[in-house]
Amino acid sequence: MDSAFPKATITPEDERQIMDAIEKFLARDVRPYVMALEHDDEYPADIVEGMKELGLFGAIIPAEYGGLGLPTTTYAKIVELVSETWMSLSGIFNSHLIMSSAVIRHGTEDQKRTWVPKFATGEIRGGLALTEPNCGTDLQAIRTTAKRDGDAYVVNGTKTWISNGIHGTVFALLVKTDPAAKPRHAGTSLFLAQKGPGFAVSRKLEKLGYKGIDSAELVFDNYRIPADRLIGGVEGLGLRHALGGLELGRINVAARGVGVASAALKESVKYAQQRETFGKPIAEHQSIQIKLADMATNVEAARHLTRAAAEAFDRGDRCDMEAGMAKLFATEAAVTNSMEAMRVHGGYGYSKEFPVERFYRDAPLLVIGEGTNELQRILIARQLVQRNPI
Ligand SMILES: Cc1cc2nc3c(=O)[nH]c(=O)nc-3n(C[C@H](O)[C@H](O)[C@H](O)COP(=O)(O)OP(=O)(O)OC[C@H]3O[C@@H](n4cnc5c(N)ncnc54)[C@H](O)[C@@H]3O)c2cc1C
């Protein structure tokens, strides 16, 4: 793990109360509206207000900065529950929290005191601006530059696929402060960039799924950013700072995968008992039983891997391989289960009147975000070899 993230603990009773409060919120303020909001690709502004009141934008931010200071294990359970209802909502607070965690881990004392309390309440919300039109996995190839000019830097370039890009106002922005540096990562720096003159949203991106949350292209045209917004105050550590929250990010995406896989299973178990063919519920046909059994096993295995990675993270253990395995397995489980749910539902699985078509459109994003699953396999294999030298 990178620099220490403050340790957090919680009693089982406190955790139960938090989970109950979130479940009530989801039942009352989210579930009745998901279908309409999702199909219209409408930003869930009222739900975001409710999420602010629940403290979700500060879920893992330490209490000294006004957050709930929850351990990652509890956070993963929250993400799973929210994603079971609507995966897009977890993206609205998660990329915000990864940005916040970059400041908590690597920011100067002044940056922490200035920004983190406002992130914790959700008064200021944002996300991560890393990906560019020419690169996502290979972030060392970014072309956005920041040139020092007096007490500021002048930023030029384009970022794409940025979650919360339209409704967020502050982003952890990865740039090159020294494009000629070798190795390439030594020329990268991470800034906290707030929208203003020279920093514009150039377009909203249309997507297969993950609707409601805004994904945008951001353009920087001679955008002047004060030098004190350089996270940590030292150039050249940008990629390290941006990737330092990756275990947390992967555990979060794994938890989203568990949520989507579980939602697909729950809808299928219900439907298989309602739908009858040849005089009996389809749940009594062996081919459907096999699907339900495999889907349920996927959910359990994904949940265990995700919790094990979250526990390792909370203990402060190195857990890049564990988080990678959880991310890989749980997100593939979401893809498999959403497809199987469609099969269980027959023609209705293809209908917009049932939620399973949404799971099928949402799940593939999980294999791409926070490091593609191809990359996860490479990282897991590298770790395996490193941890088991002959
Ligand atoms: C809905 C959505 C939301 C997103 N939100 C954000 C966000 O908030 N902030 C942000 O910065 N980015 C965001 N992204 C971008 C996302 O992180 C990237 O799409 C992802 O990192 C992959 O990068 P890429 O699309 O450039 O694919 P590429 O890097 O071009 O990869 C293409 C293919 O090649 C494979 N590949 C690449 N390198 C290797 C290798 N060395 N070995 C084997 N295979 C390899 C990949 O696995 C993939 O299959 C978002 C994307 C989407 C779709």
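Modelled spin-label separation between residue 348 and residue 377, with each label point placed 7 Å from Cα along the Cα-to-Cβ direction: 3.6 nm. According to the Cα-based calculation, Rg over Rh for the stretch 1-74 is 1.06, with Rh computed by the Kirkwood formula.
Taking each residue as 0.36 nm, the span from residue 266 to residue 33 lengthens on full extension beyond its C-alpha to C-alpha distance by 82.0 nm.
Cross-link partners for residue 159 among the aspartates and glutamates, with Cα-Cα distance under 17 Å and sequence neighbours closer than 8 places in the same chain left out: 132, 138, 206, 214, 217, 221, 370. Taking a 26 Å limit on the Cα-Cα distance, which of the listed pairs 52/147; 52/112; 207/352; 7/77 fall beyond it? Beyond 26 Å: 52/147. For the chain, the relative contact order is 17 percent, taking Cα pairs closer than 8 Å that sit 6 or more residues apart in sequence and dividing their mean separation by the residue count.
So, by mean Cβ neighbours within 10 angstrom, what's the order for 356-363, 369-376 with the highest one leading? Show your work: numbers first, answer last.
On the way: 356-363: 23.9, 369-376: 19.5.
In decreasing order of mean packing, 356-363, 369-376 become 356-363, 369-376.
Debye calculation, C-alpha points only, no solvent: report log10 I(q)/I(0) for the chain at q = 0.08, 0.11, 0.13 Å⁻¹, in the same order as the q values. Taken in order of the listed q values, log10 I(q)/I(0) reads -0.41, -0.77, -1.07. With each label modelled as a point 7 angstrom along the Cα→C-beta vector, the residue 277-residue 14 pair spans 5.1 nm. Rounded to the nearest Å, what's the spacing between the alpha carbon centres of the stretch 32-62 and the stretch 68-146? Just the number, please. Between the Cα centres of the stretch 32-62 and the stretch 68-146 lies a distance of 15 Å.
Near residue 24, which aspartates and glutamates are there with a Cα under 18 Å away, not counting those fewer than 8 places off in the same chain? Partners found: 13, 14, 15, 46, 49, 53, 80, 84.
If you look at the Cα atoms of the stretch 225-303, you get an Rg and a Dmax of 22.6, 72 Å.
For the residues 288, 378, what sequence is obtained by ranking on other C-beta atoms within 10 Å, fewest first?
Details: 288 20, 378 13.
Lowest count first: 378, 288.
Amide H to amide H, with H built 1.01 Å from N, residue 70 comes under 5 Å of 60, 61, counting only residues 5 or more places away or on other chains.
Each value in this text was obtained by applying a stated rule to the coordinates, not by laboratory testing. Source: prediction; values computed, not measured. As a convention, Cβ positions derive from the backbone with ideal geometry for all residues, glycine included, and neighbour counts pool all protein chains shown.
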